[in-house]
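To start, the structure itself, in structure tokens.
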Amino acid sequence: MQAFTNIRALIIDMDGVLWHGDQAQTGIVKFFQTLRDLSLPFILATNNASLTAEQYVGKLANMGVSVTLNEILTSGMATALYLSERYDPRTTRVFVIGGIGARQPLLDLGFQLTGLYETDADNRAHLVVCGMDREISWDKLATATLNLRAGAHFIGTNGDLSLPTERGEIHGNGAILAALTATTGVEPMIIGKPEPIIYRQALNLLGTELAQTIAIGDRLETDILGAVRTGIRSMMVLSGISNEKDVEAADYGPTWIVPDIRDITLMLRNSAL
């Protein structure tokens, strides 16, 4: 196992690492207290675009953890930023499947959001953005399909096929993307992990070097593969989706594997001695 040294910043996943649904992982308060005590900067980078940064700050506060808006980066935020660098928000119409976490970042950057069945030539969307949507409906899928068939570009905030919750593993945004691809033949561009886009944005926010930054996640095919593609070290916790057998079967893997965040807390404190 590689030595746990030269750690100057962390990019931390949330679902499966910090909590399952609304149930906090044991040791979450001590974990964040350790980060503060060691003055370790971090970005909480999640593929889950269902909530806004403000809502994630509130969720963590309910678990006894205080973070700032600048320490949150969702795939919804990453998507809006990426698109704003390539399209003029003032003239670009977007149809969104997703909750407030996917919609609000686009609105904040000035994009025009279209509604259900606004698919005529003058009002149809230039982009279809799809994020986790707990209120998915036939009408939303139909509107997205019509826009995609008319030539809209297809963007997925993330491609996670499943999501860990306190009730168990359920379907994720990737299942919605798969349904739309099946009916239109259009493959989405993915912004979240395992694509390096969201990790590069996090690195820019942190201002740290690749060699000094590690990613922490629970899912091999997103969190860890994204870190590998970005060129940073990674730590996989076994408290979420992936397990050691998954790593053995893959041709890539994390730098370290630990049971949960309590072990990371101990490693960080020991490395600071």
If we ask which residues in region 21-67 are more than 26 Å from Arg200 (Cα to Cα), outside any helix (DSSP H, G or I) and assigned by TED's automatic domain parsing to the domain that holds Leu220, their number turns out to be 7
Identify all residues within region 222-264 that are in a helix (DSSP H, G or I) and over 25 Å from Gln201 (Cα atoms); write none if there are none. Glu244, Lys245, Asp246, Val247, Glu248, Ala249, Arg262, Asp263
Would you mind telling me which numbered condition in (1) surrounded by 19 or more Cβ atoms within 10 Å (Cβ to Cβ); (2) of a type in the set (A, V, I, L, M, F, W, C); (3) out of contact with any Asp or Glu (no Cβ under 8 Å at 6 or more places or on another chain); (4) over 23 Å from Gly217 (Cα atoms) Ala142 fails? (1)
Residue that is nearest to Glu71 (Cα to Cα), among those in region 176-206 that are of a type in the set (Gly, Ala, Ser) and in contact (Cβ under 8 Å) with a residue 24 or more places away in the chain: Ala202
Identify, from the list Thr157, Thr181, Thr165, the residue that is at negative phi, of a type in the set (Ser, Thr, Tyr) and surrounded by 22 or more Cβ atoms within 10 Å (Cβ to Cβ). Thr157
Restricting attention to region 59-72, does a residue exist that is free of Cβ contacts under 8 Å to residues at least 40 places away in the same chain and under 27 Å from Leu141 (Cα atoms)? no
I'm checking my understanding of the structure. Among residues of region 154-190 that are modelled with pLDDT of 80 or more and of a type in the set (Asp, Glu), which one is nearest to Gly226 (Cα to Cα)? Asp160
In region 121-153, which residues are under 24 Å from Met77 (Cβ atoms), among the charged types (D, E, K, R) and at pLDDT 95 or above? Lys140
How about region 202-221: which of its residues are crowded, with 22+ Cβ neighbours inside 10 Å and in a loop (DSSP other than H, G, I, E, B)? Asp218, Arg219
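The values are calculated or read from the model by the stated rules, or taken from the named source; none is laboratory data. Since the model is a prediction, treat every value here as computed from it, not as a measurement. Cβ atoms come from the backbone with ideal geometry, glycine included; neighbour counts cover every protein chain shown.
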